[in-house]
Amino acid sequence: MLNSIFSLYKMKVIIIGAGIGSISLSIRLANEGYDVHVFEANDYAGGKLHSFQLGEYRFDGGPSLFTMPHYVTELFDLVGKNPNDFFEFEKLDESCRYFWEDGTRLTGYSDPNAFAQEVQDKLGVSSMVLIDYFNYSKNIYDHSGKIFLEKSLHKAATWLSKDTFNSLVRIGQFDLFKSMNQANEDRIKEPHLVQLFNRFATYNGSNPYKAPGILNVIPWFEHGFGTFAPKGGMQEIPKSLQKLAENLGVSFHFNSLVQEVIVENGKAIGVRVNDMIVSSEIVASNADVYFTYKRLMKGQPAPEKTLKQESSSSAVVFYWGVQKSFDELSLHNILFSKDYKQEFKEIFDENRLPTDPTVYINISSKSNPNDAPKGSENWFVMVNAPAHRGQDWKSDVGGLKERVIQKINNQLDTDIRPLIRQEKIWTPEGIEEDTRSYQGALYGTSSNDQTAAFLRHPNFSSKIKNLYFCGGSVHPGGGIPLALLSAKITSEMIIND
């Protein structure tokens, strides 16, 4: 009789924020029979993965790169649904096009062998150099990914497992005690390629001249698993997952700003939202961990050492509706600075916008023509920037825009100024305000030393029972794949606890 009664009871879970991590968490918990409620301050789900319109141009507001789609499709497989019934995506032949000031250009093919041949043809570097590099990157993933990305680093069971032992005996192969740049100079040597692979540090908002070489696992995400484009744009990822979650009974409450996590006798028992108390057995925050403690848990002790870690980089994004189509550009494009080390010094050490910025241009209309009028393109133009610490962004961005336009003009041998028909600018201050990400950091904390991965906030509270965390500001880190893995780790903790 007791088992029968228990089976009818659904434990209630409140999730704060409707980012990609929390939607994933809601699916996993609902599939296990939990009564899941997601409270979101905005009127849409997805967090940074949102979309907006400027005139006839549609833009993805945040992340523009889609890799490791199996972390998305496994959520549909988990509940016995066909991903193709919810959204579609295609694998791309090209990952990115690269441009240097000296006139060098490379097409970064998604397939490692094709990319290696491109490097041999354009730079005269043996294709085996790149093949060996990708094998090195794959080796890091194969022997460390399950530990550093798929398990909690804050639970004893992780460190006592066979997988961890096998990883630790290979730790010398991971370049943990070299910087990414040192490891890349040792393995690749050719300056263009070193800069190209150093840039993967920006995928988690870090400085390749300080971040450990183990982050050289990131190129394998893009070239081992491939690069993809969702039909309809990046917004379709959270939209499809929200639909799946709702099919499982998850309740989304929009325009519902969580004001406080209610804690009694060392236990999270609910939240205060829109001045009302909503009770639950479990609370999980997908909100930025800094603001969770500082704004939602003011009366509770905060892990100050963890919260004082160096923030990741932020960004300045120019959204431009461009009245022309450029064959030289692809879906993803990088226009490199002349002095990469100086650029990161300015961002992280001098806390200012780079004098000579590396420019990333994403043009989703290359794969989704309806995103821009015929003969036009929607440009998402991003420059890495320091975290928001009170800079005068309105003043600084004007000069940055001119430097960005000049760099683009030099590469395309044109003047794009009269072609810009629509414009919106997103600064680190705006990113902080709009996404409630501390200092506008895109990835929570940086990974600018060997211990950073171990110092990220865990997916649970060690002091408050029934309080959990997921998303880009906690373990294992920021970006779509890691946010999804964060949700997986958190769901397993909740279920096991």
Checklist entry - Going toward the positive end of the dipole of the chain, with +1 on Lys and Arg Cβ and -1 on Asp and Glu Cβ, which of L419, H332, T107 do you reach last? => result H332
Checklist entry - Can you work out D for region 269-402 in µm² s⁻¹ from Stokes-Einstein, where Rh is the Kirkwood radius over C-alpha pairs, the temperature is 10 °C and the viscosity is 1.306 mPa s? => result 86
Next on the checklist: Please give the Cα centre distance for region 323-382 versus region 391-460, rounded to the nearest Å.
Outcome noted: 11
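About its Cα centre, what dipole magnitude does the chain give when the only charges are +1 on Lys and Arg Cβ and -1 on Asp and Glu Cβ, stated in debye to the nearest 20?
Values: 51 positive and 59 negative charges, 220 e Å.
It works out to roughly 1060 debye.
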Checklist outcome for this item: For the chain, the per residue accessible area (1.4 Å probe, Å²) is 41
Checklist entry - In debye to the nearest 20, how big a dipole does region 192-279 give about its Cα centre with +1 on each Lys and Arg Cβ and -1 on each Asp and Glu Cβ? => result 260
Item to check | Lys/Arg +1, Asp/Glu -1 at C-beta; region 359-494 dipole; positive extreme among N448, L400, N459 | outcome: N459
Checklist entry - Within the accessible area of region 75-143, what % is carbon and sulfur when the probe is 1.4 Å and the other protein chains stay in place? => result 41
Item to check | Candidate lysines for bridging to K231, where Cα separation is under 17 Å - those fewer than 8 sequence places away on the same chain excluded | outcome: K91, K239, K243, K366
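My understanding is that a pair violates if its Cα-Cα distance is over 20 Å; which of K324/K424; K146/K308; K294/K463; K12/K488; K210/K308 do that in this structure? Display every interim value, and only then the final one.
Numbers: K324/K424 18 Å; K146/K308 27 Å; K294/K463 16 Å; K12/K488 18 Å; K210/K308 18 Å.
From the list (K324/K424; K146/K308; K294/K463; K12/K488; K210/K308), the Cα-Cα distance tops 20 Å for K146/K308.
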Checklist entry - In whole angstrom, how long is each semi-axis of the equivalent ellipsoid of the chain, when you take the square root of 5 times every eigenvalue of its Cα gyration tensor and sort them from largest down? => result 36, 26, 22
Item to check | Part-to-part distance (alpha-carbon centres) for region 196-210 and region 20-95, which is given in Å | outcome: 25
Checklist outcome for this item: Expected sort for 374-382, 88-96 on mean C-beta neighbours within 10 Å, highest first, is 374-382, 88-96
Checklist outcome for this item: Per the charge dipole of region 267-369 (beta-carbon charges, Lys/Arg positive, Asp/Glu negative, Cα centre), the residue among Q309, G270, Q323 reaching farthest to the positive end is G270
Next on the checklist: Under 5 Å between amide hydrogens, which residues at least 5 positions from L257 or on another chain qualify, with H placed 1.01 Å from N in the peptide plane?
Outcome noted: N274
Checklist entry - Over region 302-425, what percent of the accessible surface lies on carbon and sulfur atoms, probe 1.4 Å? => result 44
Next on the checklist: Restricting to DSSP loop positions (anything but H, G, I, E, B) with no more than 13 other Cβ atoms inside 10 Å of their own Cβ, which trypsin sites (Lys or Arg not before Pro) remain in region 420-497?
Outcome noted: K463
Next on the checklist: Spelling out what I want: for every residue of region 208-215, take phi, set θ = phi - 60°, compute 6.51 cos²θ - 1.76 cosθ + 1.60 (Karplus), and round to whole Hz; glycine and proline get x.
Outcome noted: x, 8, 10, 5, x, x, 4, 6
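The values are calculated or read from the model by the stated rules, or taken from the named source; none is laboratory data. What you see is a predicted model; the values in this text were computed from it and never measured. In this analysis, Cβ positions are derived from the backbone assuming ideal geometry, glycine residues included, and neighbour counts consider all displayed protein chains. The accessibility values were calculated without ligands, DNA or RNA, using every heavy atom of the protein model including side chains. Shrake-Rupley method; radii C 1.70, N 1.55, O 1.52, S 1.80 Å.
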